[in-house]
Amino acid sequence: MSHQAIYRKFRPKIFDDVLGQEHVTRTLKNQILTGNIAHAYLFSGIRGTGKTSTAKIFSRAVNCLDNHDGNPCNECEICKSILDETNMDVIEMDAASNNGVEDIRELRDKVQFLPVKSKYKVYIIDEVHMLSKGAFNALLKTLEEPPDHLLFILATTEPQKIPATILSRCQRFDLKRIKSSVIVENMEKICHEIGIEYEEKALKLIAANSEGAMRDALSILDRCVSFNDKIDYETVMDLLGTVNYQVVAKAADYIIDKDIKNTMLLVDNILNMGKEITIFLDELIMCFRNMLIVKTTGSTDNIIRISEEEAEELKKTSSKIPVDDLVNVIEELSDAQLECKRALNPRVMLETKLIKLLRSENSSSIKELSRKIEELENNIKNSGFSKINNSGKPVVKKYEPEKTIDVAQHETKMQEHAVTVENRQTSEPETEKNRTYGNKSDEEIKNEIANGWQSILKKVRSENAGLQAIIRESKLKEVSNKKIVFEFDPKFTFHINAANQPKNKLQFKKILSGILNEDCEIEFVVKKNKKSDKPEQTMEDVYEGLKKEFGEEIVEFKQED
Ligand SMILES: Nc1ncnc2c1ncn2[C@@H]1O[C@H](COP(=O)(O)OP(=O)(O)OP(=O)(O)O)[C@@H](O)[C@H]1O
Ligand SMILES: [Mg+2]
Ligand SMILES: [Zn+2]
């Protein structure tokens, strides 16, 4: 084939060829049909979506002697002269190179003359945002009192750089990113026309990497054509060089799912293909950033550089992760990127950082933990004691008849509650009901717990990490009549109260009964420690302990009033 680039060869010739911009072309065709033409138009939108093409088509359509349903015929004398650039009435200016006041002044002088042979004198000013301030002012003068025969068509990727005074005098049309499916369809048509074989997934990959810009897609296609006599997936992957969008999206998905194994496999794959770590991280960060934007604004227009379909995918993926966690992932990945640039072995650094990120607690689960702690705090407050004295008996701080209850009463209330919860539960799962229990002696139970303490804790941890942190501070005191008594050192005020929470107690009882295969009762008591000369524990001490347990950032100290 010739050397002409595909995207030039296949420039849309009529409005109906401009794909994915029907909202623009329909209106323009209508204006042609009704003769309702404005003096100035502005076509804006991202690169390669059809701005210049639409401007050129419009310049012919307004002058065409035989338009078809608003489209230029491209056959009449006028259309032909515009197409072969011999028509003096249609002037194309590139503001990037003619951006001075002089250029526009010259234009101003010329616009006064009537068109030579066409109905309209058309000025297409491409990349109009490049005009200097003086040139914009000069242009404004013309736009303020345009002669009837004059038509300005401005095009830009950066409408925000155009003065409001100009904008307000233009009819503005925004061209959108083009859907991947439309891009793929167009490429298929072109491949048929130039007679080249293709794999559909290769075209999809090209489209996914074109960010909704048709010209970008056609340029990649062009490179593939000159590279290979068939457009296949491998060639496209090789040519793109960067990590392709779908792979990045997949990686993001694995990261959200905290799927370490697949994340590592994918990273291994990407790096083995010779992709740059920093480029991969760049694209991964961009992907999470897009998710954040989609999630927080709900909008995909213009803010993010992906097609509608990709945005839909992103929406789905992002629904699995809370905003706080997204922010955290972006921060961690940005951090990883910096470190990778400095690291002697960037690959190891990347893998380590990813594993660390995937193993960390989500901020949402941290929040959940904080909520539970707060709940426990409130329970301590409401139960009327906040300190425990040396004898191990809780001390009622202040006598408040409604709120304060006797500890023994509190205990029985908890027990009652536990029993009702338990009754409710036993009627539920079939397995629970049918469970048969053994018949061990107290001594046997005691030994089994003492010997298997670590695995008991492990089991508790697997079901409820918070509960394990509480239970592990207790010691087995005695077993009598299948009642297992655990004791806490008086300094573990928080822990004993938490352990006695009906929900916690019941859960521990169930786990322990399961392990021992014995239906047993549980009791948590404070260790009697008469000789202790340790000072009384304050809430601050308890919080210090908590901070050590859960980490500074999770535990928030709230001063009691
Ligand atoms: N909407 C579209 N439908 C069909 N082809 C398109 C479309 N947009 C762009 N193309 C293809 O891309 C080429 C370049 O398009 P055009 O110059 O109109 O884009 P543009 O929006 O002006 O880009 P830029 O912002 O870079 O100036 C066209 O020749 C055509 O091959
Ligand atoms: Mg253009
Ligand atoms: Zn014509």
**Asked** What helices (runs of 4 or more DSSP H) completely inside the stretch 154-259 contain at least 3 residues that are more than 16 Å from ligand 1 (Cβ to nearest atom) and over 26 Å from S318 (Cα atoms)?
**Response** 164-167, 233-240
**Prompt:** Is one or more of the residues making up the stretch 49-56 surrounded by 15 or more Cβ atoms within 10 Å (Cβ to Cβ), within 11 Å of ligand 3 (Cβ to nearest atom) and assigned to a helix (DSSP H, G or I)?
**Reply:** no
**Item:** Residues located in the stretch 136-153, provided they are in a helix (DSSP H, G or I) and farther than 22 Å from M88 by Cβ
**Value:** F136, N137, L140, K141, E144
**Request:** From (1) surrounded by fewer than 20 Cβ atoms within 10 Å (Cβ to Cβ); (2) modelled with pLDDT of 85 or more, pick out the condition that doesn't hold for V460.
**Result:** (1)
**Asked** Restricting attention to the stretch 103-116, does a residue exist that is in a helix (DSSP H, G or I), more than 28 Å from P12 (Cα to Cα), under 48 Å from the mean Cα position of the chain (by Cα) and of a type in the set (D, E)?
**Response** yes
**Asked** Residue check: is F43 within 16 Å of ligand 2 (Cβ to nearest atom), assigned to a helix (DSSP H, G or I) and not hydroxyl-bearing (S, T, Y)?
**Response** no
**Item:** Residue that is assigned by TED's automatic domain parsing to the domain that holds A96, of a type outside the set (F, W, Y) and closer than 25 Å to E144 by Cα, where the choices are R60, R26, R47, R11
**Value:** R60
**Prompt:** So which residues in the stretch 1-24 are in a helix (DSSP H, G or I) and farther than 19 Å from L83 by Cα, if there are any at all?
**Reply:** E22, H23, V24
**Request:** Working only within the stretch 9-62, note down all residues that are out of contact with any Leu (no Cβ under 9 Å at 6 or more places or on another chain) and near ligand 1 (Cβ under 7 Å from one of its atoms).
**Result:** R11, D17, L19, R47, T52, S53
**Item:** Search result, residues across the stretch 272-281 that are surrounded by 17 or more Cβ atoms within 10 Å (Cβ to Cβ) and in a helix (DSSP H, G or I)
**Value:** I277, F280, L281
**Request:** Please list, ordered by first then second residue, the pairs with beta carbon atoms under 6 Å, 6 or more apart or interchain, first in the stretch 48-60 and under 19 Å from M88 (Cα atoms), second near ligand 2 (Cβ under 8 Å from one of its atoms).
**Result:** T52/D126; T52/A155; A55/A155
**Prompt:** Checking A465 against (1) more than 22 Å from E443 (Cβ to Cβ); (2) buried (at least 16 other Cβ atoms within 10 Å of the Cβ), which single condition isn't satisfied?
**Reply:** (2)
**the stretch 135-145, subset out of contact with any Lys or Arg (no Cβ under 9 Å at 6 or more places or on another chain) and not hydrophobic (A, V, I, L, M, F, W, C), residue farthest from A38 (Cα to Cα)** = N137
**Request:** Specify which of the listed residues (M187, M214) is outside the structural domain of N98 (by TED's automatic domain parsing), touching a Ser or Thr at 6+ places or on another chain (Cβ under 7 Å) and not small (G, A, S).
**Result:** M214
**Message:** Only one of I78, I125 is of a type in the set (V, I, T) and either within 16 Å of ligand 2 (Cβ to nearest atom) or free of Cβ contacts under 8 Å to residues at least 12 places away in the same chain (or both). Can you tell me which?
**Reply:** I125
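The values are calculated or read from the model by the stated rules, or taken from the named source; none is laboratory data. Treat the numbers as computed from the prediction; the structure is a model and nothing was measured. We place every Cβ from the backbone using ideal geometry, glycine too, and count neighbours over all the protein chains shown.
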